[in-house]
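Enquirer: Sending over a structure as C-alpha cells; questions will come in a sec.
The values are calculated or read from the model by the stated rules, or taken from the named source; none is laboratory data. Nothing here was measured: the structure is a model prediction, and the numbers come from that model. Because the Cβ atoms are built from the backbone with ideal geometry, glycine has one as well, and the counts that use them run over all protein chains shown.
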Amino acid sequence: MKKIALLTSVGLLFAPGTRTQEHAPTVDVCRADRAAWSDATERTDYLNQETKYILDGVRNTNPVMKLSVNEISLRMTEMGTCQSVDEPHSSAYHDLLMFYDGVIADRYRRFVVRHHLLEQFKAEDAAGAR
C-alpha cells in the first residue's frame, strides 16, 4: 500500500502540466504589486469591518473579502519572496504578508463558527491534539 502511495505521488510530481517553472519576481514587480495591494486605508477598513462582524454580525464588505484564499495565498508567497528580492523594503513586504495571514486566519475562524466546529476544536485541543 505504501509503495502504491509513493508511486502515485512521484507520478503526480512528474506528470506534465502539474508543475511550472517558477521564477522570483523582479524588484519592479515586487514594488508594483505591493503598491497595488497595500492600501493602508483599505487594510484599516478591512480590520474595522471584521471587528464589527465579530462583535455585531455586520457583514464585512471590504474588497479584500472578494479575494479567494488561493489568491491571498499567492500574494503571501510573492510578498515572502519579495522580502529577499528587495531587502531594503523587506519590512513592508512582511507587513503585507502578515495582514494577509490575518485575513486567512479570519476565514478559518469563520469556517469553524459556520460549521459549529468550535466545541470539537476545544475538546481535541484539551485532549492534546495539536
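For every residue, the table says whether it meets (1) without any contact (Cβ under 8 Å) to a residue 24 or more places away in the chain; (2) in contact with a helix residue (DSSP H, G or I) (Cβ under 8 Å, 6 or more places away or on another chain); (3) exposed (fewer than 14 other Cβ atoms within 10 Å of the Cβ).
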{"residue": "53", "(1), (2), (3)": "yes, no, no"}
{"residue": "61", "(1), (2), (3)": "yes, yes, yes"}
{"residue": "89", "(1), (2), (3)": "no, yes, no"}
{"residue": "100", "(1), (2), (3)": "no, yes, no"}
{"residue": "105", "(1), (2), (3)": "yes, no, yes"}
{"residue": "118", "(1), (2), (3)": "yes, yes, yes"}
{"residue": "123", "(1), (2), (3)": "yes, no, yes"}
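Enquirer: Can you tell me which residues in the stretch 33-81 are among the aliphatic types (A, V, I, L, M) and within 19 Å of the chain's Cα centre (by Cα)? Please lay out each step first, then the result.
Expert: Step one: filter the stretch 33-81 for residues among the aliphatic types (A, V, I, L, M), giving 35-36, 40, 47, 54-55, 58, 64-65, 67, 69, 72, 74, 76, 79.
Those that are among the aliphatic types (A, V, I, L, M) and within 19 Å of the chain's Cα centre (by Cα): 35, 36, 40, 47, 64, 65, 67, 69, 72, 74, 76, 79.
Enquirer: For the stretch 35-91, which positions are among the small types (Gly, Ala, Ser) and closer than 20 Å to residue 113 by Cα? Before the answer, list the steps.
Expert: Taking the stretch 35-91 as the starting set, the residues that turn out to be among the small types (Gly, Ala, Ser) are 35-36, 38, 40, 57, 68, 73, 80, 84, 90-91.
Selection gives 57, 68.
Enquirer: Separate question: Suppose the filter is closer than 24 Å to residue 46 by Cα and of a type in the set (Asp, Glu); does residue 71 pass it? Spell out the reasoning first.
Expert: On the way: closer than 24 Å to residue 46 by Cα: yes; of a type in the set (Asp, Glu): yes.
Here the answer is yes, as residue 71 does meet what is asked.
Enquirer: When you scan the stretch 67-75, do you find a residue that is touching a Gly at 6+ places or on another chain (Cβ under 7 Å) and in a helix (DSSP H, G or I), even just one?
Expert: Residues of the stretch 67-75 that are touching a Gly at 6+ places or on another chain (Cβ under 7 Å), as a first pass: none.
Checked the stretch 67-75: no residue is touching a Gly at 6+ places or on another chain (Cβ under 7 Å) and in a helix (DSSP H, G or I).
Enquirer: Next up: Would you check which residues across the stretch 24-44 are of a type in the set (A, V, I, L, M, F, W, C), in contact with a helix residue (DSSP H, G or I) (Cβ under 9 Å, 6 or more places away or on another chain) and modelled with pLDDT of 95 or more and list them?
Expert: Across the stretch 24-44, the qualifying residues are 27, 29, 30, 37.
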